[in-house]
Amino acid sequence: MKQEMTSADVAALVFELSSGENSIIDSKIGKIYQPAAEEVRINLFVYNKGKDNLVIEAGKRAHLSEHIRQSPKMPQSFPMLLRKHIFAGRITYVKQYDFDRIIEFGVIRGGVETVLVAELFSPGNIVLLDSERKIILPMKPVTFKGRKIRSGEIYQYPEAQLSPVEAGEIELQDVFSSSDAEVVRTIANRFNLGGTLAEEVCLRAEIDKRTIAKDMGQEGIARIAGALRDMFSPLVKGEFGPYIVKKDIKGEVKPFDVSPFELKIHAGLEKEAFPSFNKALDGFFGKRSAEEVTEVVEAVKKEKVDVFERRLKRQEEGLENFGREAEKHVDIAEKIYAHYQAIEEVMGVLEKARENGYSWDEIKSILKKAKETLPAAKSISGIDSATGKVTLDLDNTKVIIDLKLTIPQNAQFYYEKAKKLTRKKEGAIKAIEDTRIAMQKKEKKVSGNRRKVSLKKHWYDRFRWFYSSEGFLVVGGRDAETNEELVKKYMDKNDRVLHTQVPGAPMTIVKAQGKPVTEQTLLEAAQFVVSYSSVWKSGQFSGDCYWVLPEQVTKTPESGEYVKKGAFIIRGERNYFRDVHVGAAVALELGPETRVIGGPVSAVRQHGQHVVELVPGKFNQNDIAKKIYKMYVDSLKEVNFVKQIASPDRIAMMLPPGESDIKV
């Protein structure tokens, strides 16, 4: 299933958003929210259309959306700071950088120009730049090899890729002659197209995708150049036929890809057409994202009211009060910012009156008489002379302003009160969870509703392992001893062997099982090797690895060399995957076999349920395993079942080395 937009998708979306009836040029920017860790939602007022929502999910997608996640009760710092710079601004342009997965939104407000950059390649980011391309604010401050995404730095693009739209036979000849990889992988990586479009090019050119790129003759190169022109002609002309394509996934027909124009690779599959590509993206990504946010409603049935129910009722009433009061204080803080100029005028009038020697009683009397003539006086409903605080009526809401504080400090005062109430709310939620657990222990469990545990023993259990999304078993060592055992005992001649250029990675084997190993499986295996290596442990987000054939792996050293236990010598050419992004997940397999599984996100999603994605972070394996275990217990409500198939120890066996965080 498609997880993020391609460069071609970005090109089609930018075409729509920057011209024609779907254009958002000259749209006014409203409030900005961050409903999830990687997602920003921008309210827009589109010229001649009305309100809409621009959703940007770093590393994955960007489009206008009707499927809206609930906004958080407490505003995060990133969207609040974005509001400070671009709220009420207007969008002046939308463009794609160099056929890459980068969208730039030009914004102007009060004559000041800024640029909002959406990086849709993994791990992704959203960055605000000033008119000189200096970074004002990144969603995630990070440092990569050759580029720093941090406030104050000049924004630098990632290394440029060749544009497949502009590539001719000469450019293709240069690319293929320097590549030792297969033609499909060369097209996917060097032209930033991804696997599906690379296979589409080979299909249209009628060329075997497994052909080694540098072995391509002039005729083959000409056919590929023609296939690229043919495939991208809808982008050049702006003539799209967007659709979502569906196929059977585990007995259920589900969407698995979205495209702005017809692809031959989708021939014969069920398709759902859309009037615009933006609508298709929202139907594919937006709808799926909204469905993933589920609300768990618990209802406990009892024959009579007991101490637990009374306690639970009190706790739930307290929880509701905390939430209501927190929302009230956040609303007051936002109204202070919304009436910034009016409050500033009131504070200026009062400060000037005090400097001129007027007492508070005299000021009250003057204001009472001047309410019809002095605009600043109209909003004042009371003054506390003892504390120097003034009560203002802001949109029918009474707001107390401390004249000794600045306007932002007054707003922050209410935000802090809301935070304290939110912490109390979190404590109430924990207390409610404890009460419900106690109630569950007291209830009699119906044995017919219990899940059955089906745990089987496999030879690969003592290694690191996962099944690719296409069904290939991928196995890696855990240490020097298992690296040695894996290669000597389980490596067959048709398998593929992967490792990183630097030490600290598992020796990994893709079991061919009598079938040709697919490109998708190799990509997932590459991500597995990088993610379960020292790259993850060091907190980096990408690394290089390679694959070779079994006959290239040997334990025999050159004269005078020594090969330590768990290490091997690789002879001959290596097939490299460059800049592979880390990514891992764990899930529960709840089919004929019940167990916890782990590995690359795309593979885990294919085979498991209750998927938990991970990123390099700050929690050690034991702590993060306990967090995931608790999530599964809360979700399945069957402690004994989860403990047997996914105890913290079993989960820890599936986690990358080093420290991690749960991706929200």
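The values are calculated or read from the model by the stated rules, or taken from the named source; none is laboratory data. What you are looking at is a predicted structure, and each value in this text was computed from that prediction instead of being measured. Cβ: placed from backbone, ideal geometry, glycine included. Neighbour counts: every protein chain shown.
Of everything in region 136-150, what is more than 21 Å from the chain's Cα centre (by Cα) and loosely packed, with under 15 Cβ neighbours inside 10 Å? Give them in sequence order. Break it down stepwise before answering.
Narrowing region 136-150 to residues more than 21 Å from the chain's Cα centre (by Cα): 136, 145-146.
Result: K145, G146.
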So which pairs qualify, if the first residue must be in region 575-592 and in contact (Cβ under 8 Å) with a residue 24 or more places away in the chain, the second must be among the hydrophobic types (A, V, I, L, M, F, W, C) and assigned to a loop (DSSP other than H, G, I, E, B), the Cβ gap must be under 8 Å, and the two must be at least 6 apart or on different chains? N575/A181; Y576/A181; H581/F541; V582/F541; A584/L655; V586/M654; V586/L655; L588/A646
Among the listed residues D361, D331, D395, identify the single one that is surrounded by fewer than 13 Cβ atoms within 10 Å (Cβ to Cβ) and touching a residue at least 40 places away in the same chain (Cβ under 8 Å). D395
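Within region 186-224, track down each residue that is of a type in the set (D, E), more than 35 Å from the chain's Cα centre (by Cα) and assigned to a helix (DSSP H, G or I). Let's see the steps before the verdict.
Step one: list which residues in region 186-224 are of a type in the set (D, E), which gives 199-200, 206, 208, 215, 219.
Now narrow it down to the ones that are more than 35 Å from the chain's Cα centre (by Cα): 206, 215, 219.
Result: D215, E219.
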Output for region 200-220, where each listed residue is in contact (Cβ under 8 Å) with a residue 40 or more places away in the chain and within 10 Å of V183 (Cβ to Cβ): K209, R210, M216
Looking at A567, is it in contact with a helix residue (DSSP H, G or I) (Cβ under 9 Å, 6 or more places away or on another chain), farther than 19 Å from S542 by Cα, aliphatic (A, V, I, L, M) and touching a residue at least 40 places away in the same chain (Cβ under 8 Å)? yes
With respect to the numbered conditions (1) in contact (Cβ under 8 Å) with a residue 40 or more places away in the chain; (2) among the charged types (D, E, K, R); (3) closer than 30 Å to I221 by Cα, which one is the sole condition not fulfilled by E159? (1)
From P164, P123, P158, grab the single residue that is in a loop (DSSP other than H, G, I, E, B) and surrounded by fewer than 19 Cβ atoms within 10 Å (Cβ to Cβ). P158
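Say we look at region 69-84 and pick out the residues that are part of a loop (DSSP other than H, G, I, E, B) and over 16 Å from the mean Cα position of the chain (by Cα); which of these is surrounded by the most Cβ atoms within 10 Å (Cβ to Cβ)? Steps first, please.
Step one: list which residues in region 69-84 are part of a loop (DSSP other than H, G, I, E, B), which gives 69-76.
Subsequent filtering for residues that are over 16 Å from the mean Cα position of the chain (by Cα) retains 70-76.
Details: Q70: 10, S71: 13, P72: 14, K73: 13, M74: 14, P75: 19, Q76: 14.
Out of the qualifying residues, it is P75.
Every residue in region 94-112 that is of a type outside the set (A, V, I, L, M), loosely packed, with under 15 Cβ neighbours inside 10 Å and assigned to a strand (DSSP E or B), please.
Taking region 94-112 first, the residues of a type outside the set (A, V, I, L, M) are 95-101, 104-106, 109-111.
If we keep only those that are loosely packed, with under 15 Cβ neighbours inside 10 Å too, we end up with 95, 98, 110-111.
K95, the sole residue that qualifies.
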Considering residues of region 418-452 that are part of a loop (DSSP other than H, G, I, E, B) and of a type in the set (K, R) only, the residue modelled with the highest pLDDT: K452
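May I ask you to say which residue of E66, E132 is of a type in the set (D, E, K, R), surrounded by fewer than 18 Cβ atoms within 10 Å (Cβ to Cβ) and within 20 Å of A37 (Cα to Cα)?
Values: E132 fails: within 20 Å of A37 (Cα to Cα).
Among E66, E132, only E66 is of a type in the set (D, E, K, R), surrounded by fewer than 18 Cβ atoms within 10 Å (Cβ to Cβ) and within 20 Å of A37 (Cα to Cα).
If you take the residues in region 126-143 that are in a strand (DSSP E or B) and over 27 Å from L281 (Cβ atoms), which one is modelled with the lowest pLDDT?
Kept after step one, since they are in a strand (DSSP E or B), are these residues of region 126-143: 126-130, 134-138, 142-143.
Of the ones still in play, those that are also over 27 Å from L281 (Cβ atoms) are 130, 134-136, 143.
On the way: D130: 96, K134: 96, I135: 96, I136: 95, T143: 84.
Among them, the one singled out is T143.
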Find the helices (runs of 4 or more DSSP H) located wholly in region 532-649 whose residues include 2 or more that are farther than 28 Å from R496 by Cα, modelled with pLDDT of 90 or more and of a type outside the set (D, E), and list them. 621-636, 639-645
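Considering V487, V517, V502, which residue is in the same structural domain as A652 (by TED's automatic domain parsing), assigned to a loop (DSSP other than H, G, I, E, B) and more than 23 Å from G195 (Cα to Cα)? I'd like the intermediate steps shown before the answer.
On the way: V487 fails: assigned to a loop (DSSP other than H, G, I, E, B); V517 fails: more than 23 Å from G195 (Cα to Cα).
The unique qualifying residue is V502.
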Within region 250-276, residues of a type in the set (V, I, T) and modelled with pLDDT of 90 or more come out as V258, I265
Just to verify a result, which residue in region 22-49, among those that are within 23 Å of the chain's Cα centre (by Cα) and of a type in the set (S, T, N, Q), is farthest from P138 (Cα to Cα)? N43
For residues that are of a type in the set (A, V, I, L, M, F, W, C), part of a helix (DSSP H, G or I) and within 21 Å of E355 (Cβ to Cβ), tally how many sit in region 404-417. 1
For region 5-31, enumerate the residues that are β-branched (V, I, T) and modelled with pLDDT of 95 or more. V10, V14, I24, I25, I29
